[in-house]
Amino acid sequence: MAVLIEGLSVVIRCEAIVKKFFGGVNTFMDSLPNLTLCSDGELACVHFMVPRDVQTYVEYLTRKGLTFKENNKSIDMVVVDQIHGMTIDCDWAVLGETDWNNNANHTIVVCCAEPTRVEQMFHLQISMSEGGFLRGRILKGSLMGLKIHIYRMKFVHKHY
């Protein structure tokens with residue numbers, strides 16, 4: 001029901017990958033630029049550390065059939081900065097925060113589809129915020145009981 005946002009994240013609608021990505025899901029998976037993919041079934045997210053890598057990936061996704069933006073609104077993907085939020089207006093996803101590992105002193109930023117429909121999430125075993133890399137597994141079941149605080153962020157448009 002939510003994907004982790006760390007560093008600079010490219011959040012992509014899974015439906016767009018299935019319906020519009022040239023070569024389909026298998027080609028998308030085979031062409032991932034790094035090992036940071038996480039997905040909840042509605043959104044897929046790939047993390048980066050530098051803006052140039054984000055720009056390169058967004059340009060690649062666009063060449064493969066996805067649309068980044070129209071009229072300054074995100075269509076199939078949105079770039080999210082862990083500190084500053086979404087870099088462009090997005091009406092199909094919201095940002096929020098939740099406690100990391102049940103520790104109220106350590107919150108993480110998450111993004112979920114609006115409205116969300118899935119009953120599973122990608123569980124991260126090690127977070128880049130904790131000094132590691134993303135590794136995960138799918139947990140089936142509901143996220144009821146997981147405290148996610150949804151908030152609207154002021155959109156900060158950045159040129160990557």
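The values are calculated or read from the model by the stated rules, or taken from the named source; none is laboratory data. Since we're looking at a predicted model, the values are computed, not measured. Cβ sites come from the backbone with ideal geometry, for glycine too, and all protein chains shown count toward neighbours.
Observations
- Of all residues making up the range 36-86, the number that are in contact with an Asp or Glu (Cβ under 6 Å, 6 or more places away or on another chain) and of a type in the set (Ser, Thr, Tyr): 1
- Scanning the range 98-112 for residues that are part of a strand (DSSP E or B) and out of contact with any strand residue (DSSP E or B) (no Cβ under 8 Å at 6 or more places or on another chain) returns Asn103, Ala104, Asn105.
- For the range 4-15, the condition of being modelled with pLDDT under 95, among the hydrophobic types (A, V, I, L, M, F, W, C) and closer than 23 Å to Val109 by Cβ holds for at least one residue.
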